Amino acid sequence: MCGIVGYVGRSEAAPILLDGLRRLEYRGYDSAGVAIVNGETIETRKCAGRIANLAKLMTERPPAGQYGISHTRWATHGKVTDENAHPHFDHSGKIALVHNGVIENYAALREQLVREVGHKFTSDTDTEVLAHLIGSIYEQLDGKDSKARLVNATRAALKQVIGTYGIALVHAHIKDFLVGARRGSPLVLGVGKDENFLASDVSAIVAHTRDAVYLNDFDIVAVSRDTFEISSVGGDTGSYQISRVEFGAEDVNRGEFPHYMLKEIFEQADSVRDAMRGRLNTEECTAKLGGLNMTAAQLRDVTRIVLTGCGTALHAALVGEYLIEQLASLPVEVEYASEFRHRNTPMSGNTLVFAISQSGETADTLGALRESRRKGYRTLGICNNVASTVARESDGGVYMHAGPEIGVAATKSFTSQLVILTLIGLLLGRMRHLSTSEGSLIIEALEALPGQIESVLKLSDHIRAIAKEYVSVNGILFFGRQFNFPIALEGALKMKEITYLFAEGHPSAELKHGIIALVRPDLPSVFIAPDDAVFSKNLNNIEQVKARKGPIIALTSGDGRKQLKGIANDIIEIPRAADVVTPVLTVIPLQLLAYHMAVELGLDVDKPRNLAKSVTVE
Ligand code: AGP
């Protein structure tokens, strides 16, 4: 939530900062702003609304200068107004600051600044308080070295702060210099030639450099054109490593696709292939997951698994529960990450916890991960974002290698998560009761997936036609059983997120326990009913809806089409696959259905209202 970009170099800062913000718009789009230092004046442009509004302002009055900071906001404290848009200034107006995170004790700090030094505030934000605090300390500090003074003032201010921050700041009188710091919100330093960058996410700067330092919590970085220095809020000299970003600028472009979401849906044959690349051991019919950092003996000793995450990642966890229980006969529990810390979940010493997160920065998931580690459990991450906080704070894990996911609605990360959970089930299963031939069937099913996904993607036009048919409905129900019950939840989440339609997902059999009261001729039901072990049971529920004149969209495979003919109003037919991998195929038509409905409704698919991609607040 919120994206920040900083630049110091020899080029004009404005286009670099604006382009970086566009890449980070997925993190929030309530307001945007830049502060660029020109001589000894800070030129600020900021306004409520999308980055397009800011771009217009910057075209009308282009800010000049070769260093500056910028921000795209997802509002937490204070309404969406021009005044609350970042950057914010200190009392002197010489320090400008952008912030991603929440200063929890801002009210007390603000009260103190008003009482003790008579400061006046122009916004309702927590960020402005931090800017004032840094400015106030800067004025009190002595020393000729203004750069060191600014770093020390930032350090002293951050010591007083309770909460989370990824910040970047400039001082009007300190030439070619930025200060950045992080705690709980991501911040990366991009290392260029005669230029350096700060950003919430490497995608903002990868067009300029692929060398990055992923800052740690409590790092403060002093950044000039050709040098940088990392220390800690505590005052120690920090150690760092320059990493090479594994994707390039072309990977964060939409290409010929009208939306990132559609691009990412269509990337799934490749992303699923990448999730299993090098991880299948066909000889021993098992999976190779070296990143777990666990010996075979340790894995064999595991007696219970907890899967945790939020939103789409939680739905992947729910599929994982079915998968791992079936393949490895291990008890699995799925915990909402946001609730995990607030429950006294009984855990034994041999419980293994997986935190699942595309971004690896979700505050609730991080909270669950830290709680689990605090209690002494081995905690592994399943994330996409290399070097994210989840990846760094876990005892090991599995990367998705799905490439950057920019659309706010998660798509390809979900199918990658499903593949990884299948691999985990296979690995644990083959150490227990799962036979070579069963293991071999799972591997065959996994290897067939990319080709089958290509076939499912060819249904996009057919699904668009179905979307057009139902575009005026007020809501949609989704039903599935067994492995596909969580897919009903995911289908409903995609629909809610981007079409704003009321949508609910349920196990098909729950219909008769209450939901059937909702069924009526203008409320369609989507049934995920592939030709699997529970098809005939799904068919009974479909008949129950049909008998009450509810329109039915059925997603099926194999012989399902024949049996659904004359019952379902619309049929989407996917290739037949082994039951355990079916969710990878069934979810894609639901992603496409939500996408095409949203486009038909004229909505902004990649930036749904009120949402942000990476939820770094609790
Ligand atoms: C999915 O479409 C959502 N945007 C959201 O539910 C997301 O999956 C959730 O916030 C978790 O994100 P993460 O995977 O980055 O942790």
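Candidates E267, E335: the one that is within 16 Å of the ligand (Cβ to nearest atom), touching a Lys or Arg at 6+ places or on another chain (Cβ under 9 Å), closer than 27 Å to A448 by Cβ and of a type in the set (D, E, K, R) is E267. Residues in the stretch 315-327 that are surrounded by fewer than 24 Cβ atoms within 10 Å (Cβ to Cβ) and in contact with a Phe, Trp or Tyr (Cβ under 9 Å, 6 or more places away or on another chain): L318, Y322, Q326.
Scanning the stretch 18-43 for residues that are farther than 23 Å from D604 by Cα and surrounded by 20 or more Cβ atoms within 10 Å (Cβ to Cβ) gives V34, A35, I36, V37, I42, E43.
Taken over the stretch 115-163, the criterion of being loosely packed, with under 15 Cβ neighbours inside 10 Å and among the hydroxyl-bearing types (S, T, Y) is satisfied by T122 alone.
Per the listing V319, V302, the residue uniquely within 16 Å of the ligand (Cβ to nearest atom), in the same structural domain as S413 (by TED's automatic domain parsing) and in contact (Cβ under 8 Å) with a residue 40 or more places away in the chain is V319. Screening L421 against (1) more than 9 Å from the ligand (Cβ to nearest atom); (2) of a type in the set (A, V, I, L, M); (3) more than 20 Å from R273 (Cβ to Cβ) leaves a single unmet condition, (3).
Modelled with pLDDT under 95, among the charged types (D, E, K, R) and not in a helix (DSSP H, G or I): does that describe R609? Here the answer is yes, as R609 does meet what is asked. So, L327, is that one out of contact with any helix residue (DSSP H, G or I) (no Cβ under 6 Å at 6 or more places or on another chain) and either closer than 16 Å to F485 by Cβ or assigned to a helix (DSSP H, G or I) (or both) or not? So L327 does not fit the description; no.
So which of E83, E111 ends up being acidic (D, E) and loosely packed, with under 14 Cβ neighbours inside 10 Å?
E111
Taking the conditions exactly as written (modelled with pLDDT of 95 or more, within 16 Å of the ligand (Cβ to nearest atom), within 27 Å of the chain's Cα centre (by Cα) and part of a helix (DSSP H, G or I)), does L314 satisfy them or not? Walk me through how you get there before you give the answer.
Details: modelled with pLDDT of 95 or more: yes; within 16 Å of the ligand (Cβ to nearest atom): yes; within 27 Å of the chain's Cα centre (by Cα): yes; part of a helix (DSSP H, G or I): yes.
Spelling it out, L314 is indeed modelled with pLDDT of 95 or more, within 16 Å of the ligand (Cβ to nearest atom), within 27 Å of the chain's Cα centre (by Cα) and part of a helix (DSSP H, G or I).
Within the stretch 579-598, the set of residues being within 16 Å of G480 (Cα to Cα) and either assigned to a loop (DSSP other than H, G, I, E, B) or not hydrophobic (A, V, I, L, M, F, W, C) (or both) comprises D579, T582, P583, T586, P589, Q591.
Of all the listed residues (A492, A467), the sole one being free of Cβ contacts under 8 Å to residues at least 24 places away in the same chain, assigned by TED's automatic domain parsing to the domain that holds I588 and crowded, with 18+ Cβ neighbours inside 10 Å is A492.
The residues on offer are V390, V419, V408, and the sole one that is in a helix (DSSP H, G or I), modelled with pLDDT under 95 and not hydroxyl-bearing (S, T, Y) is V390. Please verify whether the stretch 273-282 includes one or more residues that are within 14 Å of the ligand (Cβ to nearest atom) and buried (at least 19 other Cβ atoms within 10 Å of the Cβ). No, there is no match, as no residue in the stretch 273-282 is within 14 Å of the ligand (Cβ to nearest atom) and buried (at least 19 other Cβ atoms within 10 Å of the Cβ). Selection over the stretch 174-207 of residues that are more than 16 Å from D226 (Cα to Cα) and part of a loop (DSSP other than H, G, I, E, B) gives a count of 8.
In summary, strands (runs of 3 or more DSSP E) completely within the stretch 1-118 and bearing 1 or more residues that are among the polar types (S, T, N, Q) and modelled with pLDDT of 95 or more occur at 31-38, 41-48, 67-73. Of the residues making up the stretch 340-387, those that are assigned to a loop (DSSP other than H, G, I, E, B) and within 9 Å of the ligand (Cβ to nearest atom) are Q358, S359, G360, E361, T362, N384, N385. Out of the residues in the stretch 341-364 that are buried (at least 21 other Cβ atoms within 10 Å of the Cβ) and more than 16 Å from the chain's Cα centre (by Cα), which is nearest to E405 (Cα to Cα)? Filtering the stretch 341-364 for residues that are buried (at least 21 other Cβ atoms within 10 Å of the Cβ) and more than 16 Å from the chain's Cα centre (by Cα), the one nearest to E405 (Cα to Cα) comes out as F354. Screening R374 against (1) surrounded by 22 or more Cβ atoms within 10 Å (Cβ to Cβ); (2) modelled with pLDDT under 95; (3) more than 22 Å from G491 (Cα to Cα) leaves a single unmet condition, (1).
The number of residues in the stretch 422-468 being among the aliphatic types (A, V, I, L, M), assigned to a helix (DSSP H, G or I) and closer than 25 Å to Y595 by Cα comes to 8. Evaluation of F414 against the conditions (1) away from the ligand (no atom under 13 Å from the Cβ); (2) under 22 Å from N253 (Cα atoms); (3) hydrophobic (A, V, I, L, M, F, W, C); (4) part of a helix (DSSP H, G or I) shows that the sole unmet condition is (1). Scanning the stretch 218-249 for residues that are acidic (D, E) and either assigned by TED's automatic domain parsing to the domain that holds H401 or crowded, with 18+ Cβ neighbours inside 10 Å (or both) yields a single hit, D219.
For first residues located in the stretch 585-605 and farther than 25 Å from V319 by Cα, partners that are outside any helix (DSSP H, G or I) and lie 6+ apart or on another chain with Cβ distances below 6 Å form the pairs A598/V605; E600/V471; V605/H259. Going through the stretch 67-123 one residue at a time, which ones are among the hydrophobic types (A, V, I, L, M, F, W, C) and either closer than 20 Å to L57 by Cβ or touching a Cys at 6+ places or on another chain (Cβ under 7 Å) (or both)? Hits for the stretch 67-123 are I69, W74, A75, V80, A85, F89, A96, L97, V98.
The values are calculated or read from the model by the stated rules, or taken from the named source; none is laboratory data. Please read these numbers as outputs of a predicted model, since none were measured by experiment. Note: ideal-geometry Cβ built from the backbone for every residue, glycine included; neighbour counts use all protein chains shown.
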